[in-house]
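To keep things clear, I will list the structure first and then write my remarks on it.
Just so it is clear, none of the values below were taken in a lab; they were calculated from the coordinates. As the structure is a prediction and not an experimental result, all values here were calculated from the model. Note: ideal-geometry Cβ built from the backbone for every residue, glycine included; neighbour counts use all protein chains shown.
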Amino acid sequence: MTYNLAGVQFALAQANGNLTCAASLGYADRATQRPMSPVTLMRIASVSKTVTGMAIAKLFEDGKLGLEDPRHTAASSSPGSSR
């Protein structure tokens, strides 16, 4: 199977958040042949919806979030929150 990809990035992390492995392969821009790097920004399209849904399901499963809770309940204690 062949895919017409310009470049790809991936990272593997342990459950405790420690980064195990990361790599960038290919081109960030084919026309200029600018290579991918660990800081190359990529569009993730609708993948963030899946990640958000899984995070909500995990919080619900752990009893940290009720499905009827206001959205600021979980966001106020998240990393990077200004609250």
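Here region 1-18 is the region considered, the condition is being over 20 Å from residue 44 (Cα atoms) and aliphatic (A, V, I, L, M), and the residue that is nearest to the chain's Cα centre (by Cα) is 15. Taking region 20-51 as the range and being within 20 Å of residue 4 (Cβ to Cβ) and touching a Ser or Thr at 6+ places or on another chain (Cβ under 6 Å) as the test, the residues that pass are 24, 28, 36. Which of the residues spanning region 1-55 are loosely packed, with under 12 Cβ neighbours inside 10 Å, among the β-branched types (Val, Ile, Thr) and either under 30 Å from residue 65 (Cα atoms) or touching a Leu at 6+ places or on another chain (Cβ under 9 Å) (or both)? Across region 1-55, the qualifying residues are 20, 44, 47, 50, 51, 52.
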